[in-house]
Amino acid sequence: MDVGELLRYQPDRGTKRTRDDDPDEGKAQRKERGARNRHRDEERGAQEDDKALDKADGAPNADDDEVEPLDEVGVKKMILAFEKRSYKNQELRIKFPDNPEKFMESELDLNDIIQEMHVIATIPDLYHLLVELNAVQSLLGLLGHENSDVCIAVVDLLQELTDIDTLQESEEGAQVLIDSLVEGQVIALLVQNLERLDESVKEEADGVHNTLAIIENMTEFRPEICTEAAQQGLLQWLLKRSKAKMPFDANKLYCSEILAIILQNNDDTRELLGELDGIDVLLQQLSVFKRHDPSTAEEQEMMENLFDGLCSCLMLSSNRERFLKGEGLQLMNLMLREKKMSRCSALRVLDHAMIGPEGSDNCHKFVDILGLRTIFPLFMKSPKKMKKTGISEKEHEEHVCSILASLLRNLKAQQRTRLLSKFTENDCEKVDRLMELYFKYLDAVRVADKKIEGEKHDMVRRGEILDDELEDEFYLRRLDAGLFLLQLLCYIIAEICNSNLPQVRQRVMQILTMRGSSIKIMRHILKEYSESIGDGKSAEFRESEQKRILELLETL
């Protein structure tokens, strides 16, 4: 994959969601929810015998204003109290399985101490005690507790303990905790718990949300967990939840976000999604937006997450075949024609589906379904209503030109002839548009180059060293100014000029002369393109692509 492709696709990991309607209140509301959980038993009225039990167990009393900040001894006492209450509840449940009245009190006590343990999330330096005293394994064991309220309380606690901001406060404590959770198969246990939660009950819906937050926290802290999470049933559950006929809510949005996260830069997960018929699931969910715009900003974000996931999956050639068989091209083509908010993302999906030699079948099918009638109007004029979707004019033009470049690279026989004939229609108007874009981005890159050269000159004068990292930064700035798009435009011009269409070549030379430019500039841009192409691809692909471009250069 060349640098431009890499830059073009970086799905947004997004921010953590709250189950409340306002996504901006994020972390603050989760903290408030944690506080509510810690004190909700106070609303039932704390009894004197509860306080006596706290004292007997050695657990700090949360209601006592005079209690000093928790230290290592306090945490140890709290963990010991938790273990005692957990064991007592387990013992009573075994002894009186058919008589809830006998073990109900112990269950409330267990829930109380789990709520009190939230205070440990404020001291990540002491997380090692949770591991050393086996509390992590005990908590994971409670994820299978018969009482879903206990499971939800554990999930809420784990969400607080793994909050990404907290983890970053103490790297050592975070590493120890995450290692222990991974060793205890936390994802598999969380997924098993998800299967039994009923989202029509608010508390259980909150439990689903907090479970997803734990997974997001862990994958953000340690991205390689994405692969394990997918293989431990999470991917299957996310696809199942996406298909569920439930009204749109914060959990549905969060599921789409987690899906996009675990698919990002992960071929194993992409392959697994394909094997689980996930491409069809994504296409089914996106088909809703073919003729209808999302009704809220949150629903729009979910749509974009699903598009991100689909684009990520199309990096894998086997998924491109599944996309083709699932009539993904037809759906994206219809989205382009309907002119709804999904149009910009549909264009992005087509770009990913057709790029490189793996996109050959999709390119031919696109012409067969009359896709040229859809793509060329978008080439001739960039849509005005793009601000709602957050896509810039440059991004739009880059995707369209990338699709045209892929078509020129991959099409053979009749389909190629149909594509080339488009450039001769209406007195070569598409060639005029091509040259208009060429000069637009040539000017933009020249401005960026001039500024960069000035900065380099100043740095050399000050005696500063221009290292590789700085050169990469300058190159990224050139790409941001439109260098990759300029390279694509030069590639397209070179292709159509070498296609035995004298009127096309004549028009290109005529415009260059009229603007006081020359073919030498294009040759220089294409040469630079050939040198940078194929980053991340096989050596064989890189060599064949460079050879193709150099052959175009010789005849240009």
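Scanning region 506-538 for residues that are open to solvent by 30 Å² or more (accessible area, probe 1.4 Å), among the hydrophobic types (A, V, I, L, M, F, W, C) and over 23 Å from Leu479 (Cβ atoms) gives Met509, Met514, Ile519.
The single condition among (1) out of contact with any Ser or Thr (no Cβ under 6 Å at 6 or more places or on another chain); (2) in a loop (DSSP other than H, G, I, E, B) that Arg320 does not meet is (2).
Is it fair to say Lys245 is more than 15 Å from the chain's Cα centre (by Cα) and over 16 Å from Thr211 (Cβ atoms)? Criteria met by Lys245. Screening Asp163, Asp206, Asp267 for residues that are of a type outside the set (A, V, I, L, M, F, W, C) and open to solvent by 30 Å² or more (accessible area, probe 1.4 Å) leaves exactly one candidate, Asp267.
Rundown of residues vs (1) touching a residue at least 24 places away in the same chain (Cβ under 8 Å); (2) open to solvent by 40 Å² or more (accessible area, probe 1.4 Å); (3) within 21 Å of Leu282 (Cα to Cα); (4) of a type outside the set (D, E, K, R), yes/no style:
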| residue | (1), (2), (3), (4) |
| --- | --- |
| Arg337 | yes, yes, yes, no |
| Cys344 | yes, no, yes, yes |
| Leu347 | yes, no, yes, yes |
| Pro377 | no, yes, no, yes |
| Glu393 | no, yes, no, no |
| Phe423 | yes, no, no, yes |
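Given Ser517, Ser499, which one is outside any helix (DSSP H, G or I), in contact (Cβ under 8 Å) with a residue 60 or more places away in the chain and more than 25 Å from Phe376 (Cα to Cα)? Answer to the check: Ser517.
Look at region 430-449: where a residue is farther than 16 Å from Leu378 by Cα and at pLDDT 95 or above and a partner is of a type outside the set (Lys, Arg) and not in a helix (DSSP H, G or I), sitting 6+ places away or on another chain with Cβ atoms under 7 Å, you get Tyr441/Gly482; Ala444/Gly482; Val445/Gly482. Could you say whether any residue in region 390-401 is within 29 Å of Asp443 (Cβ to Cβ), among the hydrophobic types (A, V, I, L, M, F, W, C) and at pLDDT 95 or above? Checking region 390-401: at least one residue is within 29 Å of Asp443 (Cβ to Cβ), among the hydrophobic types (A, V, I, L, M, F, W, C) and at pLDDT 95 or above. Residues considered: Ser256, Ser287. Of these, the only one that is surrounded by fewer than 19 Cβ atoms within 10 Å (Cβ to Cβ) and modelled with pLDDT of 95 or more is Ser287. None of Phe484, Phe474 is under 39 Å from the mean Cα position of the chain (by Cα) and either in contact (Cβ under 8 Å) with a residue 60 or more places away in the chain or not in a helix (DSSP H, G or I) (or both) except Phe484.
Within region 320-335, the set of residues being buried (at least 24 other Cβ atoms within 10 Å of the Cβ) and in contact (Cβ under 8 Å) with a residue 40 or more places away in the chain comprises Arg320, Phe323, Gly328, Met335. Within region 432-443, the presence of a residue that is surrounded by fewer than 21 Cβ atoms within 10 Å (Cβ to Cβ), aromatic (Phe, Trp, Tyr), part of a helix (DSSP H, G or I) and within 33 Å of the chain's Cα centre (by Cα) is excluded. For region 127-138, the tally of residues that are out of contact with any Ser or Thr (no Cβ under 9 Å at 6 or more places or on another chain) and either polar (S, T, N, Q) or touching a residue at least 12 places away in the same chain (Cβ under 8 Å) (or both) stands at 5. Residues in region 349-375 that are open to solvent by 30 Å² or more (accessible area, probe 1.4 Å) and assigned to a loop (DSSP other than H, G, I, E, B): 2 in all. The set of residues in region 108-140 that are part of a helix (DSSP H, G or I), open to solvent by 10 Å² or more (accessible area, probe 1.4 Å) and either among the β-branched types (Val, Ile, Thr) or out of contact with any Gly (no Cβ under 9 Å at 6 or more places or on another chain) (or both) comprises Leu108, Asp109, Asn111, Asp112, Glu116, Val119, Thr122, Val131, Glu132, Ser138.
The values are calculated or read from the model by the stated rules, or taken from the named source; none is laboratory data. All figures in this text were calculated on a predicted structure; none of them were measured in a lab. Don't worry about glycine lacking a Cβ; one is built from the backbone with ideal geometry, like all the others, and counts go over all protein chains shown. Just so you know, the surface numbers come from the protein's heavy atoms only, side chains and all, with ligands and any DNA or RNA stripped out. Shrake-Rupley method; radii C 1.70, N 1.55, O 1.52, S 1.80 Å.
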